[in-house]
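Okay, so here's the structure we're looking at.
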Amino acid sequence: MTIRHLKIFLTLCSNHLNMTKTAKVLHMTQPAISVAIKELERYYGTVLFDRIGHRLKITQAGLQLKEYASHILSLYDDMEKSMYHWDASGLLRIGASITIGSQFLPYYIKTFTKQNPSTKVKVLVSSSDQLENKIADNELDFALIEGYVHHSEFIAKPYMEDELIVIAPGDSPYKPGQEISIQEFRQQKFLLREHGSGTRETFDNVIHAAGFSIEPIWEAMSTTALVNAVINGLGISVLPYRMIINPIQRGLIIPIQVQGLEFKRKFQIIYHKDKFMTSSALSFIQLCRDYETNYPLPVYNGLY
């Protein structure tokens, strides 16, 4: 049994047990794939696929091998990438959800690279759900997210508290800090972040816990777009406080409170439980966890 056998086996599984597609992906003949699968079955002394007519159906033993093989090849892929980049003193592949990536990550990386000038850092800023997929596919070493973790195979370590606030137009009838009822809150037009973002998930979880749901009239990946929409009187929004301090101070938008609702959350560092964490990765994670204590907290000035 070799790594090649496991790659053939997993490629067949990922192509819906279709021999023709698998052969095309691997640039192999179908008989060669069949031979490799039979060699695996002989090696382990068990049937991995039932052959029913011209179709394959994976067995329980096959499902068990699929789980092990996925972990083994993920570690193997990690080893290959780490060793190939060894001469460059290592490569960190870091993901961040949009709020963290916009406001905090540049400061983290600036500090880290000063302390570790020979370590290369590659960054992906995207939605939390996309980052989880990248970690599962071993395309990221770890990620900093605002929301909740949905993969049971992931480890999540909270590292900073954050708060979302409700904002209304600066020329609205509300006063800064004014508290409104849930009923009045529900009657507003909502401008929200997109599904899959940590900000949206926090909002949805809070209002669902309160027993209702909201259908926004506007959804966007951009905090700037949402703030501009609020400034122009199109509705209200719920956004991270640190991201919108500037337009609040200028009176372009005003913060209001909702009776009985608090939109609080924790930023989290997530990675796969089977991921080998290098000393550079552990050092970067520790820097993030200690940043609020050791360094001035960054304030995002935005475009306003």
**Study point:** Index of the failed condition, ASN246 passing every other in (1) assigned to a strand (DSSP E or B); (2) open to solvent by 20 Å² or more (accessible area, probe 1.4 Å)
**Key:** (1)
Review point. So, of the residues in region 223-243 that are open to solvent by less than 50 Å² (accessible area, probe 1.4 Å) and over 19 Å from ASP171 (Cβ atoms), which turns out to be modelled with the highest pLDDT?
Key: VAL238
**Study point:** Subset of region 254-299 that is part of a loop (DSSP other than H, G, I, E, B) and open to solvent by 70 Å² or more (accessible area, probe 1.4 Å) - its residue that is modelled with the lowest pLDDT
**Key:** VAL299
Check your understanding: Which ranges mark the helices (runs of 4 or more DSSP H) fully within region 1-97 that have 3 or more residues being under 32 Å from the mean Cα position of the chain (by Cα) and at pLDDT 90 or above?
Key -> 3-14, 19-26, 60-84
**Study point:** Residues of region 201-222 classified as farther than 20 Å from GLY101 by Cα, open to solvent by less than 40 Å² (accessible area, probe 1.4 Å) and not in a loop (DSSP other than H, G, I, E, B), total
**Key:** 3
Exercise for review: Output the number of residues of region 4-28 satisfying the condition of being within 17 Å of SER74 (Cα to Cα) and open to solvent by less than 50 Å² (accessible area, probe 1.4 Å).
Suggested key: 8
Study note, to complete from the structure: For region 279-294, pairs from a residue that is within 19 Å of GLU146 (Cα to Cα) to a residue that is open to solvent by 80 Å² or more (accessible area, probe 1.4 Å), with Cβ under 8 Å and 6 or more apart or across chains, are LEU287/GLN115; TYR291/TYR107
Check your understanding: Tally time: how many residues in region 158-174 are more than 22 Å from VAL206 (Cβ to Cβ) and surrounded by fewer than 14 Cβ atoms within 10 Å (Cβ to Cβ)?
Key -> 2
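The values are calculated or read from the model by the stated rules, or taken from the named source; none is laboratory data. The shown structure was predicted, so the numbers you read here are calculated from the model rather than taken from an experiment. Neighbour counts run over all protein chains shown; Cβ positions are idealised from the backbone, glycine included. Ligands, DNA and RNA are stripped out before the accessible areas are found, and what is left, the full protein with its side chains, is counted by its heavy atoms. Shrake-Rupley method; radii C 1.70, N 1.55, O 1.52, S 1.80 Å.
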